[in-house]
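I have placed the structure first, in the form of structure tokens, so that the comments after it can refer back to it.
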């Protein structure tokens, strides 16, 4: 290749990279949110199956749907769920930052209507590290605050995360329940204090609530100190039981329970991100099945028809690129995968660095089938609409 051609190619790659990571016009990214270093490995290997490659993508992506508040930088969003009206969207955003709300005065719990307009927000000053969200059958909002503000867990690089200023009341490492109008109704866990007993969490990642009001908490994340359990409470917050979340012969006991969802049978689906699979339990903790065809799943959603949506934000060379980052869609009853929405950036590579986490981390689906995705890096909210739902050109 001639030198001039090489320079042109490099320039084009730079343009493509910038375009792929750009947020929508209405979503301003905090410039301090930088990408992590790319992981080392053999990027000439791909273990992706022919069946996964052949999956159709029946959706079109819309990056400009959400009307983000002007002047407010958008922070990482791992948490998204649907309101019980089947149209409105709730998110739990990290206050313009990549991993914490310490010292922020903005509201991290936000509700958008079916047109993408922000209609409600609350929770300023109450959270450390927004991570999981669930809207229960009474339309109450449950959220998980991953870390403590006085005993912050180390990051993946081993660096200690920022602490709150001296004298700050202990906060974080809890699960909170709010009314739809933002009234605090219940707190599970002990604010600011991590632990492994019945009244403490160590990095609660997600929460779901069954129709009878029982509460299931995914207690643990991807760094130490971390638990690796599912905890069950009754509707009043009384501890019922706990069980090991990591399934059969796990290679890693970190990040076994990154996301949760319940199907129509009441089975609990667990995103075992640390072991690249889904666990399925009954509500007493009996392991029923394990699914391996949905990628390295971070977030889960199961609709009323038992269609399973699994968001993968971490597949990469460490798993021999067996999957591409994006959203797999399948049948929760049979485990069959039927469609795939690839993330525009794809997996990290030396020529397209994307870091340890990027793309779809949270996923929620409206009653009409519209898919909404939340991203940590680049911080973004995205809508997907079915191609066959659009009027002919």
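The values are calculated or read from the model by the stated rules, or taken from the named source; none is laboratory data. Keep in mind that this is a model prediction, so the values were computed, not measured. Glycine gets a Cβ as well: all are built from the backbone with ideal geometry, and neighbour counts include every protein chain shown.
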Of those in segment 67-83 that are part of a loop (DSSP other than H, G, I, E, B) and under 18 Å from the mean Cα position of the chain (by Cα), the residue farthest from residue 310 (Cα to Cα) is 75
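For every residue, the table says whether it meets (1) within 27 Å of residue 304 (Cα to Cα); (2) in contact (Cβ under 8 Å) with a residue 24 or more places away in the chain; (3) in contact with a strand residue (DSSP E or B) (Cβ under 7 Å, 6 or more places away or on another chain).
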position: 91; (1), (2), (3): yes, yes, yes
position: 112; (1), (2), (3): yes, yes, yes
position: 129; (1), (2), (3): no, yes, yes
position: 139; (1), (2), (3): yes, yes, no
position: 151; (1), (2), (3): no, yes, yes
query = Looking at segment 170-180, is at least one residue at pLDDT 95 or above, under 28 Å from residue 302 (Cα atoms), assigned to a loop (DSSP other than H, G, I, E, B) and touching a strand residue (DSSP E or B) at 6+ places or on another chain (Cβ under 9 Å)?
reply = yes
Taking segment 214-232 and keeping only residues that are in contact (Cβ under 8 Å) with a residue 60 or more places away in the chain and either part of a loop (DSSP other than H, G, I, E, B) or surrounded by fewer than 15 Cβ atoms within 10 Å (Cβ to Cβ) (or both), one is left with 214, 221, 222, 223, 224, 225, 226
*asked:* So, residue 241, is that one within 21 Å of residue 334 (Cα to Cα), surrounded by fewer than 20 Cβ atoms within 10 Å (Cβ to Cβ) and either over 22 Å from the mean Cα position of the chain (by Cα) or free of Cβ contacts under 8 Å to residues at least 40 places away in the same chain (or both) or not?
replied: no
Counted residues in segment 93-110 being in a strand (DSSP E or B) and touching a residue at least 40 places away in the same chain (Cβ under 8 Å) come to 1
Of those in segment 340-371 that are part of a loop (DSSP other than H, G, I, E, B) and over 23 Å from residue 66 (Cα atoms), the residue modelled with the highest pLDDT is 347
Among 270, 208, the single one that is in contact (Cβ under 8 Å) with a residue 60 or more places away in the chain and either within 28 Å of residue 357 (Cα to Cα) or in a strand (DSSP E or B) (or both) is 208
Residue hits (segment 251-266; modelled with pLDDT of 95 or more, buried (at least 16 other Cβ atoms within 10 Å of the Cβ) and in a loop (DSSP other than H, G, I, E, B)) are 256, 257, 258, 263
In segment 181-197, anything in a loop (DSSP other than H, G, I, E, B) and surrounded by 14 or more Cβ atoms within 10 Å (Cβ to Cβ) is listed as 182, 189, 190, 191, 192, 193, 195, 196
Picking from 125, 86, the residue that is touching a residue at least 60 places away in the same chain (Cβ under 8 Å) and either more than 15 Å from residue 362 (Cα to Cα) or not in a loop (DSSP other than H, G, I, E, B) (or both) would be 86
